[in-house]
Structures are given as structure tokens and as C-alpha cells.
Amino acid sequence: SEDVSHMPEMEDSDVLNAFKDLMAADWAELPSAVVKDAKTAISKNTDDKAGQEALKNVFRAAEAVEEFGGILTSIKMEIDDSIGMSGEGVKPLPNDITDALRTAYQRYAEYLDSFEPEEVYLKKKVEMELGTKMIHLKMRCSGLGSEWGKVTVLGTSGLSGSYVEQRA
Amino acid sequence: FHIEPGTREKALLAEDSALKRFKSHKKSVHKLKRIGDVLTVVVVAGCCYEIYVKAVMKKEALAAGKSS
């Protein structure tokens with residue numbers, strides 16, 4: 001079926017191993033060894049240019065997702081601080097946090113829309129990594145816009161794009 | 001060796017007035033951890049040196065006592 005996402009073809013085993021390590025790592029905090037292996041594989045002189053380009057794309061996405069995930073975590077911590085230890089301080093959000101939430105969602109949606117059809121594997125990985133943090137924000141707020149319904153639990157499980165998602 | 005971010009990554013992380021207050025702390029936390037590691041190594045080295053000095057002084061005192 002053409003709906004199934006395809007991993008890119010890679011001939012060089014070093015590039016392939018670095019690619020697999022990056023896709024398997026937790027992008028909330030990239031391990032130094034994985035980053036070093038990826039940089040070594042990207043700077044290596046090899047015939048597998050297409051594989052190196054795919055690895056470069058994944059590496060760029062990983063670094064950006066790590067940084068943006070930190071921004072989302074900062075917003076979450078700000079919300080947690082404002083509501084108090086046991087939730088006694090629950091109140092409407094101040095304007096700067098609502099603006100930040102709106103902008104963060106906009107960035108998230110635009111980033112996911114910018115992937116090409118042949119990069120579905122990378123889009124799924126990004127959605128899994130960032131979607132978890134978006135759901136942390138979503139669970140802390142009520143009255144969000146309807147567009148937040150697109151951030152589903154399925155988006156964080158890696159099942160996005162599968163049969164289950166399409167049936168729902 | 002540095003890989004330039006792509007256009008979509010630049011768009012994701014572009015400076016924005018709403019998000020300016022919520023910067024990521026990944027880099028500073030990473031540096032702080034390394035500084036902590038360096039300080040830990042220094043403290044451990046200091047303790048080892050102190051133990052070594054005490055042992056040597058005890059040995060010298062013992063030798064002096066024996067010779068006198």
C-alpha cells in the first residue's frame with residue numbers, strides 16, 4: 001500500500017547506523033554519542049550522497065525539535081508555577097501565555113505541514129516527539145481552540161497515518 | 001563541523017515576541033552539568049591528595065619516633 005511510509009535507501013553502513021541511532025533516540029535530549037556518530041557519518045567521504053542527505057535532514061530536524069521542545073517545556077513549567085503546588089491557584093491564563101500557546105501551535109502546525117510526501121518517516125518522528133509536549137500543554141488548559149484537536153494521543157504513539165488513525 | 005539548519009527549522013525556531021520569554025534552557029543546562037562535573041573531579045582530586053599527605057606525614061612521624 002502506498003500509505004505505508006518508506007525508509008530511504010542507504011548503501012553506506014555507517015550512514016545507515018547513524019540514521020537508525022538518530023531515529024531511535026529520545027529527542028528531548030540528544031545523546032552526545034549519537035550526535036558525534038551522526039556528524040562523523042555526514043562529514044565522511046562516501047558514494048552514498050542520497051543517504052547522507054537524508055541523514056542530514058534528520059539531524060537538522062533533531063536539533064530543531066530539541067530546541068523547540070525546550071521552549072514548550074518552559075511554557076509548561078510557567079503554567080505549573082502559576083497554578084500552585086496543589087492547583088489552588090487555577091485561574092484564566094495571562095495574555096503572554098495565551099499568545100505563546102497560540103504561536104507555539106502555529107509553529108508546530110507549519111513545521112509538520114512543511115514535510116514532503118517522501119519524508120513521512122521523519123514527520124512521524126517529529127510528531128511523536130513534539131506531540132507529547134503539545135499534549136502536556138493541552139491537558140493543562142481548557143477553552144483551547146478547535147485546532148488543538150489535531151494534536152491527538154495517536155500523534156504521540158507513532159500510529160499517526162496508520163489504519164487506526166484513518167478509521168477514527 | 002557545523003550543519004546549517006534548513007529553512008523549515010529556521011521558521012520553527014525564529015525569534016518571536018510571544019515566545020521570547022520561554023527560551024529553551026537545554027544549552028545552559030548542558031554547560032552547567034559540565035561545570036558540575038569539572039568541580040566534582042577537582043573535589044575528588046583534592047580529597048585524594050589530602051589522604052596522601054596525611055599518610056606521608058604519619059609515616060614520617062613514625063620514622064622520626066623510631067630513630068629517636
Just need a number here: residues in the stretch A:54-106 that are over 30 Å from A:Val15 (Cα atoms) and of a type outside the set (A, V, I, L, M). 23
Confirm whether B:His30 is at pLDDT below 75, under 13 Å from the mean Cα position of the chain (by Cα) and not small (Gly, Ala, Ser). yes
Would you pick out the residues in the stretch A:27-63 that are part of a loop (DSSP other than H, G, I, E, B) and within 17 Å of A:Leu112 (Cα to Cα)? A:Trp27
Quick one: is A:Ser32 closer than 20 Å to B:Leu12 by Cα and hydroxyl-bearing (Ser, Thr, Tyr)? no
The residue that is farthest from the chain's Cα centre (by Cα), considering only those in the stretch A:91-111 that are hydrophobic (A, V, I, L, M, F, W, C) and more than 10 Å from chain B (Cβ to nearest Cβ), is A:Leu93
Output the number of the condition that B:Asp16 fails; it satisfies all remaining conditions of (1) surrounded by 10 or more Cβ atoms within 10 Å (Cβ to Cβ); (2) assigned to a helix (DSSP H, G or I). (2)
Within the bounds of the stretch A:29-37, is there any residue that is at the interface with another protein chain (Cβ under 9 Å from one of its Cβ atoms) and under 21 Å from A:Leu137 (Cα atoms)? yes
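Yes or no, residue by residue, for (1) without any contact (Cβ under 8 Å) to a residue 24 or more places away in the chain; (2) of a type in the set (A, V, I, L, M):
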{"position": "A:Asp21", "(1), (2)": "yes, no"}
{"position": "A:Ser32", "(1), (2)": "yes, no"}
{"position": "A:Lys39", "(1), (2)": "yes, no"}
{"position": "A:Gln52", "(1), (2)": "no, no"}
{"position": "A:Ala61", "(1), (2)": "no, yes"}
{"position": "A:Gly70", "(1), (2)": "yes, no"}
Near pairs, Cβ below 8 angstrom, 6+ apart or cross-chain, from the stretch A:73-90 (within 10 Å of another protein chain (Cβ to nearest Cβ)) to any residue that is among the β-branched types (Val, Ile, Thr) and in a helix (DSSP H, G or I): A:Ile75/A:Ile97; A:Glu78/A:Ile97
Kindly evaluate B:Lys31 against the criterion of being of a type in the set (D, E, K, R) and within 14 Å of chain A (Cβ to nearest Cβ). yes
Which of the residues belonging to the stretch A:45-64 are within 12 Å of the chain's Cα centre (by Cα), among the hydrophobic types (A, V, I, L, M, F, W, C) and at the interface with chain B (Cβ under 8 Å from one of its Cβ atoms)? A:Ala61, A:Ala64
For B:Ser67, are the conditions met, namely being modelled with pLDDT under 85 and under 30 Å from A:Asp80 (Cβ atoms)? no
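The values are calculated or read from the model by the stated rules, or taken from the named source; none is laboratory data. No experiment lies behind these values; they were computed from the predicted model shown. Cβ coordinates were reconstructed from backbone atoms using ideal geometry, including for glycine residues, and neighbour counts include every protein chain displayed.
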